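Visitor: Shown below is the structure under consideration.
Every number here is computed from the coordinates shown, using simple stated rules; none is lab data. These numbers were taken from a predicted model, which means no experiment stands behind them. With ideal geometry, Cβ positions are generated from the backbone for all residues, glycine too; neighbour counts draw on all protein chains shown.
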Amino acid sequence: MKHRHLLPNEIDLLVDGEVGFGVAPLRAHLLECADCAEQVEEARVVADALEQLPRFSPPYVFADKVMAQVPVFVPWHVAARDAATKWLPESRPLRVAAGALAASAAGAVSVGTLWIASRGELASLASGAAAEGGRSLVTGALHDLALATFGAPALATVAQLGTTGVAIAGLGFLGAAAGTLFGVRRLATAAHRGR
């Protein structure tokens, strides 16, 4: 032990009062090396001072306050289960009745779908009518929305420009929306960092 000083973990063993194989040579080294004896004494003073400090424990609401600040990702299937659970009745008989009602509704829809699918001409007629009705409904709604939002002169301009004008206007709208979203996100980030 004369050729080197004690290592930090060896000093810790001596300060903690450990006994066992390998500690006796360390104690013998302290009798020969004043530098190591001084380091052990300084470490004892620090350890004793730390032992004298009062013990603190966080308040019982500490974990709740910390977890309130942590964003928790909820998977979609958990969110769907929780939303469905809110609508389920509390009592067992009402749950059984709700399950029976849901099963009968699902069965009726399944039987109706199979019946329509077995009638090829009826299925094509129904799908064609639904597609035409849906297309006219969507077109009318978009026209009314554009008229209410932009006014008749803007619609007349878009009609003159044709498909290219609509594409350019759509790209301009998407660019403006993306720029707005980016700006709002930057403002929120800056406000969050400023806290």
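Visitor: For region 11-16, take each phi angle, set θ = phi - 60°, evaluate the Karplus expression 6.51 cos²θ - 1.76 cosθ + 1.60, and give the result in whole Hz per residue in order, putting x for glycine and proline.
Guide: For region 11-16, the Karplus curve yields 5, 4, 4, 5, 5, 6 Hz.
Visitor: In addition: Rounding to the nearest 20 debye, state how big the charge dipole of region 1-67 is about its Cα centre with +1 on each Lys and Arg Cβ and -1 on each Asp and Glu Cβ.
Guide: Details: 6 positive and 12 negative charges, 31 e Å.
Roughly 160 debye for region 1-67.
Visitor: Applying a 10 Å radius around every beta-carbon, put 134-141, 25-32 in order of their mean neighbour count, most first.
Guide: Numbers: 134-141: 10.0, 25-32: 13.4.
Averaged packing, sorted descending, gives the order 25-32, 134-141.
Visitor: With the Cα gyration tensor of region 61-107 in hand, give its eigenvalues times 5 under a square root as the equivalent ellipsoid semi-axes, listed largest first in whole angstrom. Please report the intermediate quantities before stating the final value.
Guide: Working: eigenvalues 243, 40, 5 Å².
Each semi-axis is the square root of five times an eigenvalue, giving 35, 14, 5 Å.
Visitor: Starting from the Cα coordinates of the chain, work out the convex hull volume and express it per residue in Å³. Display every interim value, and only then the final one.
Guide: Details: hull volume 89.8 nm³, N = 195.
Per residue, the Cα convex hull of the chain comes to 460 Å³.
Visitor: Could you work out [θ]222 nm for the chain from helices alone, using -39500 (n - 2.57) per DSSP H run of at least four and dividing by all its residues? Round to the nearest 500 deg cm²/dmol. Can you show the working numbers first?
Guide: Values: 8 runs with 158 residues, N = 195.
It comes out at -28000 deg cm²/dmol, rounded to the nearest 500.
Visitor: Hey, what do the phi angles of region 161-166 turn into as Karplus ³J(HN,Hα) couplings, whole Hz, using 6.51/-1.76/1.60 and θ = phi - 60°, x for Gly and Pro?
Guide: 3J(HN,Hα) across region 161-166, in whole Hz: 6, x, 5, 5, x, 5.
Visitor: Could I ask something else about it? Listed highest first by mean packing, meaning other Cβ atoms within 10 Å per residue, what order do 144-157, 85-98 come in? Walk me through the numbers before you get to the answer.
Guide: Details: 144-157: 11.0, 85-98: 9.4.
Put in order of decreasing packing, that is 144-157, 85-98.
Visitor: While we're looking at this one, here's another question. With 5 Å bins from zero, work out the P(r) of region 138-195 over every alpha carbon pair and list the percent per bin.
Guide: So the P(r) values, bin by bin, are 4, 17, 15, 21, 11, 9, 8, 7, 5, 2, 0.
Visitor: Relative contact order for the chain: what percent, with Cα pairs under 8 Å and sequence separation of 6 or more? Show your work: numbers first, answer last.
Guide: Working: 39 pairs, mean separation 18.0, N = 195.
Computed over the chain, the figure is 9 percent.
Visitor: Which order do the peptides 181-190, 33-42 take when ranked by the mean count of other beta-carbon atoms within 10 Å per residue, highest first? List each step's numbers first, then the result.
Guide: Working: 181-190: 9.9, 33-42: 14.6.
Final packing ranking: 33-42, 181-190.
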